[in-house]
Amino acid sequence: MGAVRRVGLAAVLCLSFTIAKTASANVVMKGISLDRPLVLDENTDYELRDVSVTGLLDCAALTLTGRIKSVLIERCAFGRVWAGEEGKAAAMECAGAVVGTFTARQTSFFDAENQLAALREGSFGRVTFERCRFSTSDSFLKQIYANNPWRTTPPVAEFYNIDRLELLDNEYSNMVLIIHPSVKQVVVRGSLPGLKLENPQATQLIQINPGQLASSVPSPRPSA
């Protein structure tokens with residue numbers, strides 16, 4: 001809960017080598033643990049596998065900004081973020097990003113004081129979370145309420161400006177899921193507790209059966 005720690009030299013070298021090696025095609029990050037914010041801001045295809053960003057203060061562990069072709073995240077973890085003087089604490093956030101496709105699989109967004117995921121300031125084509133975990137531990141939630149006696153709600157995951165949002169076999173614990181009317185279509189597989197659909201008339205919600213592929217559901221037509 002203190003100040004953000006510096007990244008070790010080995011992690012920096014590993015990150016630089018990985019990016020340089022694939023600069024001609026896409027940006028690949030593998031097997032990296034960071035204790036500083038990670039920002040994706042290039043018009044390219046990102047691939048993050050076994051990447052961990054945790055233990056931060058007054059920031060977002062992962063930020064998407066600018067124009068990005070695609071993001072693929074697998075077996076990663078973003079969380080344990082406390083708010084500071086700026087009142088900012090998110091596991092993942094969008095800051096004016098325009099993203100073609102975003103896919104996260106087997107990834108944890110956890111223990112962030114304000115938002116587990118905040119895809120608000122930007123726009124997305126297709127966003128997929130499959131077998132991911134959005135969770136606030138009981139101990140972390142208890143500490144949040146102890147620090148802010150006026151607070152009565154847990155952290156949120158909030159989604160805006162998305163053509164198609166796929167939520168497939170995820171786990172949700174001690175959080176609120178908010179889907180804004182600017183999300184055109186939501187495809188759900190598995191349980192979805194704590195959902196707040198702000199305007200059911202504006203957002204098409206489709207529940208598919210266990211084992212059914214999301215690709216079997218037609219995408220919404222582009223706006224005229």
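The values are calculated or read from the model by the stated rules, or taken from the named source; none is laboratory data. Values in this document were obtained by computation on a predicted structure and should not be read as measured data. Cβ placement follows ideal geometry from the backbone for every residue including glycine, while neighbour counts extend to all protein chains displayed. Ligands, DNA and RNA are stripped out before the accessible areas are found, and what is left, the full protein with its side chains, is counted by its heavy atoms. Shrake-Rupley method; radii C 1.70, N 1.55, O 1.52, S 1.80 Å.
What the table shows:
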quantity: Förster radius 30 Å - calculated FRET efficiency between R131 and N26 (Cβ-Cβ, nearest 0.05); calculated: 0.85
quantity: Of the GluC sites (Glu not before Pro) in the stretch 26-91, those whose Cβ has at most 10 other Cβ within 10 Å and which sit in DSSP loop; calculated: E85, E86
quantity: Helix-only [θ]222 nm of the chain, DSSP H runs n ≥ 4, -39500 (n - 2.57) each, per residue, nearest 500; calculated: -3000 deg cm²/dmol
quantity: Pairwise label distance in nanometres, N147 with A95, each label 7 Å out on the Cα-Cβ vector; calculated: 1.9 nm
quantity: Lys pairs under 26 Å by Cα in the chain, provided they are eight or more residues apart or on distinct chains; calculated: 8
quantity: Y46, Y160, ranked by accessible area, largest first (probe 1.4 Å); calculated: Y160, Y46
quantity: Percentage relative contact order, the stretch 35-114, counting C-alpha pairs under 8 Å, at least six apart; calculated: 32 percent
quantity: Mean Cα-pair separation over length for the chain, i.e. relative contact order, pairs under 8 Å, 6 or more apart, %; calculated: 12 percent
quantity: Contact order normalised by residue count of the stretch 137-220, Cα under 8 Å, 6+ apart, percent; calculated: 25 percent
quantity: Structure-derived semi-axes √(5λ) of the Cα gyration tensor in Å: which label, when the choices are (i) 27, 24, 15; (ii) 48, 19, 12; (iii) 35, 20, 13; calculated: (i)
quantity: 5 angstrom amide H check on S52, placed H, neighbours 5+ away; calculated: I32, S33, L34, A77
quantity: Alpha-carbon centroids, the stretch 145-211 and the stretch 102-133: separation in whole Å; calculated: 10 Å
quantity: Anisotropy class of the stretch 112-224 from Cα gyration tensor, a/c 1.5 cut; calculated: prolate
